[in-house]
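Accompanying notes for the structure given below.
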Amino acid sequence: MIKMLAACGAGVNSSHQIKKAMEDEMKQRGFDVKCDAVMIKDITEEMISKYDIFAQIAKTDLGFDVKIPVVDAGPILYRIPTMAKPVYDKVEEIIKNNNLN
């Protein structure tokens with residue numbers, strides 16, 4: 001299973017939309033992805049190290065270097081397929097290039 005982390009300001013709306021969209025799309029592409037949604041302020045270096053991919057909504061300075069692949073997932077929120085597709089493609093590329101499958 002590929003573990004992803006999505007985060008937004010409140011950890012309630014945007015991150016959950018990205019979580020659902022990522023899990024659904026990656027399943028259609030044949031990948032077993034589990035995505036957790038949290039508040040951005042709650043992310044620690046220890047927490048993020050337990051994930052394979054970080055799906056950020058906006059470029060965020062967490063106060064430490066993120067050592068896992070980061071995907072800018074904000075375009076998913078527009079719900080325009082042509083904007084979301086490059087995000088999903090990037091996630092698939094990360095999965096394949098890092099032998100996460």
Taking strands (runs of 3 or more DSSP E) that fall entirely within the chain, which contain at least 1 residues that are surrounded by fewer than 16 Cβ atoms within 10 Å (Cβ to Cβ) and of a type in the set (A, V, I, L, M)?
33-39
From the list Asp42, Asp52, Asp36, Asp24, pick out the single residue that is modelled with pLDDT under 95 and either under 11 Å from Leu5 (Cβ atoms) or out of contact with any His (no Cβ under 6 Å at 6 or more places or on another chain) (or both).
Asp42
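The values are calculated or read from the model by the stated rules, or taken from the named source; none is laboratory data. Since we're looking at a predicted model, the values are computed, not measured. Ideal geometry is used to build each Cβ from the backbone, glycine not excepted, and the neighbour counts take in all protein chains shown.
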